[in-house]
């Protein structure tokens with residue numbers, strides 16, 4: 001089995017998982033809530049909590065590493081969107097100021 005066969009099998013498996021989740025989304029969410037409740041109800045010592053936090057940090061780092069390009073693009077688009085909104089507000093304020101100072105807008109009609 002070569003690498004492309006393995007990639008194809010993994011992709012097919014992922015697609016089947018996506019389809020199964022889409023069909024069973026309600027029950028999957030309920031199961032996730034039950035698992036979270038059981039985990040929360042279990043007594044945990046400091047070492048276990050620290051281990052969970054460390055594993056979570058590692059998972060976050062792996063996610064950021066795998067999706068670095070996507071995260072950079074999303075961040076760039078967010079900043080650009082905020083900049084455009086800010087510029088639009090400034091333009092609107094300037095327009096309102098200019099229109100408010102116009103002598104034609106007086107109420108002496």
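Every number in this text was worked out from the coordinates using simple rules, so none of it is lab data. From a predicted model like this one, the values you see are computed outputs, not experimental measurements.
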Tilt, helix 25-41 to longest principal axis of the chain (alpha-carbon atoms), in degrees rounded to tens, equals 80
Based on Cα positions only, what radius of gyration and what Dmax would you give for the chain, in angstroms? 27.0, 87
Scale the Cα Rg of the stretch 44-90 by the rule-of-thumb value 2.2 N^0.38 Å and send over the ratio, two decimals. 1.88
Hey, could you pull the Cα Rg and Dmax for the stretch 18-71, both in Å? 15.4, 40
